[in-house]
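J.: Take a look at this one; I'll ask things after.
Any read-out appearing in this document is the output of simple, stated calculations on the displayed coordinates, not a laboratory observation. Keep in mind the model is a prediction, meaning the values are calculated, not measured. Using ideal geometry, Cβ is built from the backbone for each residue, glycine included, and neighbour counts are taken over all protein chains shown.
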């Protein structure tokens, strides 16, 4: 991967969450912080996989993953990511509602960059964005294999 | 017969005498009578002869002495001699009648020996041996009789055995036995009681043996009595223990015939003792096992040992009423008068088996309830929190927007807030319905299924293009109306709510599923459920579409499954996930509050 591919400022935020208000909260926070990164949304794990497989999510991207969703939940999505060599290195933040969610996701810790408590998405969502920004600065975001052709 | 004169010269002899002494007749004439005597008597004989001729009379020779004669070959034999004087013109002759008594002597010796043996047996026997005359008075009384009854021979002989030792209350039995013996002349054996001289009673085995005289007429009775008190006592003790045991005891002989059962076994198997004794033990086995049992029994008698039956297999027995129950059986070989038998100790363990089954069921139920509780806790922290969080969020936005005077977004946010409040309400209602499923049962009442289905469908206010069809007959049956209605309402509601077209058709059918169940099927022509989600949709709070698209708690099928399984039924889905879905469930034909497993 060459340096010229390092396009973190344009990284896409890929929200995987079935709850409209959660998604609205995130988008609202982005607007508040004047962040212009593209935001995409899937309403469950299956739809997210379908979108990734169809190259509908421009690389590089960061996934914000909810756990409880119809059809395919977050844990099952993580399991699929782990098995898929094209996706195994994507950066995923897990949206949680309690500490027990972190315990549940612990089995996938290699694939989870961090946890975001949903109750804090509102006021403290700034912290999350800062965290992601920080991540973007410090970490060279890997570009998934599917996105290399771009 | 030999005739001799006073000089001892043989004058006449008959053929029998010649044969007896081993001479020709002619040879004997003229011989001295002494030559017919053994050498040792010859010298003394002339004097005897002289004395006889001195006063001849008809008498036996040698009174009180053993007489012997001598053959020509020198051998001797015992004789009896009768002497008869014959007066003739030439003087007195003596006619000796000689009888060879060899055989008689042999028999006499045998009789003597046999009498001595008999006396030895009688006096040394452990059995009382008593003889009586025809009139019933005692004629002999051996030492064992003295020991058994306490009377000495002197005290007993001459008295009546009935007076002496037969206790009150046993006279009839004694007389009957004796009468029978007199009538048929056969030996009688029976067990009874006799009285000792000191008054205590003794258990005895009695044998009456008719004695006949030489012409076959009754000459008296020989009575044999054996003390069986010890044996009786042991048997009594065995019986008392067996009768009192709180487990079933069955004794079976080699042929499989039942010899003994105790009261507990009677109760356990539902047969009376009379019905079992002599029957084959196979009647106590389940029908399917009877054929192979003889083989097992033979194998056991081939190598009898005390052990548990069945080598750890689960054993079943069969009651008279056909009911089968679980048992444990211990086998012990016992010797009886008629060969080895087996004593089977049968313990009814059906209660224990039932208890452990019940325990397992309770454990499963507890596990199910725990799993449910875990799911509840998870659900409470996620699905219930989610609308609350949304409300909180929306309130914050409205506050912000008011502050910034951006009033245009407020109505939409208010609407969203209200929808979250309704969602919260629905989730709580459905959660409550789920937790109470199977507990609120309503009445057992006749249900006209077709009417009920139409009523529920109309209540759900379906869009005009969605129709309900009821092809085929739907039953009228008596059931618990509340849970049955709940099941139908949820299935119809799902079919309507998830339909993706303006025109849709829901069909509801029923058929028999065995004797105890009816099968109902709700079929729609909506989008269907892909096979990979068939299991998942029965979970709590599981939806296939975001609630923001199709409002729903995700509890419907979980509730239906819980209700159906609560009454012993099953539920399943047929759908390819492309078009159409049919959900079929079974429901008991006869239901009651207690019918839950």
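J.: What's the ranking of A:52-58, B:30-36 by average number of surrounding C-beta atoms within 10 Å, highest first? It would help to have the intermediate numbers written out before the result.
T.: Values: A:52-58: 15.4, B:30-36: 17.4.
Most protected by this proxy first, the peptides run B:30-36, A:52-58.
J.: Next up: Ignore the peptide's own chain and count Cβ atoms of other chains within 10 Å of each Cβ in A:14-25; give me the average, rounded. Provide the component values of the computation, followed by the final result.
T.: Values: counts 0, 0, 0, 1, 7, 9, 7, 15, 4, 1, 6, 6.
Counting Cβ atoms of other protein chains within 10 Å of each residue's Cβ and averaging gives 5.
J.: Still on this structure, please answer the following. Provide the three semi-axes, in whole Å and in decreasing order, of the ellipsoid equivalent to the stretch B:1-90 as defined by the square roots of 5 times the Cα gyration tensor eigenvalues. Let's see the in-between values first.
T.: Working: eigenvalues 75, 56, 29 Å².
Computed over the stretch B:1-90, the values are 19, 17, 12 Å.
J.: Once the Cα atoms of helix B:229-244 and of chain B are each reduced to a long axis, what angle between those two axes, in degrees from 0 to 90 to the nearest 10, is obtained?
T.: Rounded to the nearest ten degrees, it is 10.
J.: Give the relative contact order (percent, whole number) for the stretch B:194-334; include only Cα pairs under 8 Å separated by 6+ residues. The partial results should precede the final answer.
T.: Working: 181 pairs, mean separation 19.4, N = 141.
Dividing the mean separation by the residue count of the stretch B:194-334 yields 14 percent.
J.: Still on this model: What does DSSP give for chain B in terms of the percent of beta bridges that are antiparallel, rounded to the nearest 5? Don't jump to the answer; show the numbers that get you there.
T.: Numbers: 101 of 105 bridges.
Among the beta bridges of chain B, antiparallel pairing accounts for roughly 95 percent.
J.: Give the calculated FRET efficiency between residue B:186 and residue B:112 to the nearest 0.05, with a Förster radius of 35 Å applied to their Cβ-Cβ distance. Could the numbers behind the result be given before it?
T.: Values: r = 31 Å, r/R0 = 0.88.
Once the sixth-power term is evaluated, E becomes 0.70.
J.: Which percent, to the nearest 5, of DSSP beta bridges fully inside the stretch B:421-564 are antiparallel? Write down the numbers at each step before the final one.
T.: On the way: 13 of 17 bridges.
That works out to approximately 75 percent antiparallel.
J.: Sticking with this one: Could you tell me how far the Cα centroid of the stretch B:194-269 sits from the Cα centroid of the stretch B:406-421, in Å?
T.: One Cα centre to the other: 103 Å.
J.: Please list, short to long, the whole-number percent of alpha-carbon pairs of the stretch B:504-597 in consecutive 5 angstrom bins beginning at zero.
T.: 3, 13, 19, 23, 21, 12, 7, 3, 0
J.: Right, another one. What is the ratio of the Cα radius of gyration of the stretch B:49-185 to 2.2 N^0.38 Å, where N is its residue count, to two decimals?
T.: Numbers: Rg = 26.3 Å, N = 137, 2.2 N^0.38 = 14.3 Å.
Normalised by 2.2 N^0.38 Å, the Cα Rg of the stretch B:49-185 equals 1.85.
J.: Distance from the Cα centre of the stretch B:318-382 to that of the stretch B:477-496, in angstrom?
T.: A separation of 37 Å, based on Cα centres.
J.: Using alpha-carbon positions, what is the distance between the centroids of the stretch B:82-113 and the stretch A:62-98, in Å?
T.: 142
J.: While we're looking at this one, here's another question. If contacts are Cα pairs under 8 angstrom and at least 6 residues apart, what is the relative contact order of the stretch B:251-392 in percent? Mind showing how you got there, number by number?
T.: On the way: 156 pairs, mean separation 27.8, N = 142.
For the stretch B:251-392, the relative contact order is 20 percent.
J.: Checking the a/c ratio against 1.5 first, then a/b against b/c, what shape does the Cα gyration tensor give for the stretch B:429-493?
T.: Values: a/c = 2.85, a/b = 1.22, b/c = 2.34.
Oblate is the answer for the stretch B:429-493, as a/c is 1.5 or above yet b/c matches or exceeds a/b.
J.: If packing is taken as the average count of other Cβ atoms within 10 Å, what order do B:394-404, B:236-246, B:521-531 fall into, highest mean first? Let's see the in-between values first.
T.: Numbers: B:394-404: 14.4, B:236-246: 11.6, B:521-531: 19.1.
Final packing ranking: B:521-531, B:394-404, B:236-246.
J.: Taking each residue of A:95-104 in turn, how many C-beta atoms of other protein chains fall within 10 Å of its C-beta, and what is the average? If you can, show how the numbers build up before the last one.
T.: Values: counts 0, 1, 6, 4, 1, 4, 3, 0, 0, 1.
Per-residue shielding by partner chains comes out at 2.
J.: On to the next question. For chain B, calculate the relative contact order in percent as a whole number, restricting contacts to Cα pairs under 8 Å that are 6 or more residues apart. List each step's numbers first, then the result.
T.: Values: 941 pairs, mean separation 35.4, N = 597.
6 percent.
J.: By how many nm would the segment from residue B:414 to residue B:81 grow when fully extended, if each residue of separation counts as 0.36 nm and the alpha-carbon distance is taken off?
T.: Values: separation 333, 0.36 × 333 = 119.88 nm, distance 16.02 nm.
Stretched fully, the residue B:414-residue B:81 segment lengthens by 103.9 nm.
J.: Using alpha carbons only, what's the Rg to Rh ratio of the protein assembly as shown with Rh from Kirkwood?
T.: Details: Rg = 59.1 Å, Rh = 39.4 Å.
Checking Rg against Rh, the ratio lands at 1.50.
J.: Let me ask another. Looking at the square roots a ≥ b ≥ c of the eigenvalues of the Cα gyration tensor of the stretch B:394-533, which shape do they give, rounded for a/c under 1.5, prolate if a/b is larger than b/c, or oblate? Before the final figure, lay out the partial values.
T.: On the way: a/c = 3.04, a/b = 2.04, b/c = 1.49.
Prolate is the answer for the stretch B:394-533, as a/c is 1.5 or above and a/b outweighs b/c.
J.: Right, here's the next one. Rounded, prolate or oblate: which fits chain B, taking a ≥ b ≥ c as square roots of the Cα gyration tensor eigenvalues, rounded meaning a/c under 1.5, else prolate when a/b beats b/c? Write out the running numbers ahead of the final one.
T.: Working: a/c = 5.87, a/b = 4.77, b/c = 1.23.
Prolate is the answer for chain B, as a/c is 1.5 or above and a/b outweighs b/c.
J.: Let me ask another. Could you work out [θ]222 nm for chain B from helices alone, using -39500 (n - 2.57) per DSSP H run of at least four and dividing by all its residues? Round to the nearest 500 deg cm²/dmol. Before the final figure, lay out each step's value.
T.: Working: 19 runs with 235 residues, N = 597.
Counting only the DSSP helices, I get -12500 deg cm²/dmol.
J.: I'd like to compare B:164-170, B:201-207: which one has the highest average count of other Cβ atoms within 10 Å, and what's the full order after that? Write down the numbers at each step before the final one.
T.: Working: B:164-170: 15.9, B:201-207: 18.1.
Descending mean neighbour count gives B:201-207, B:164-170.
J.: Could you work out, residue by residue across B:389-396, how many beta carbons of other chains sit within 10 Å of that residue's beta carbon, and then give the average as an integer?
T.: Details: counts 9, 6, 1, 3, 10, 3, 1, 4.
Mean inter-chain Cβ contacts per residue within 10 Å come to 5.
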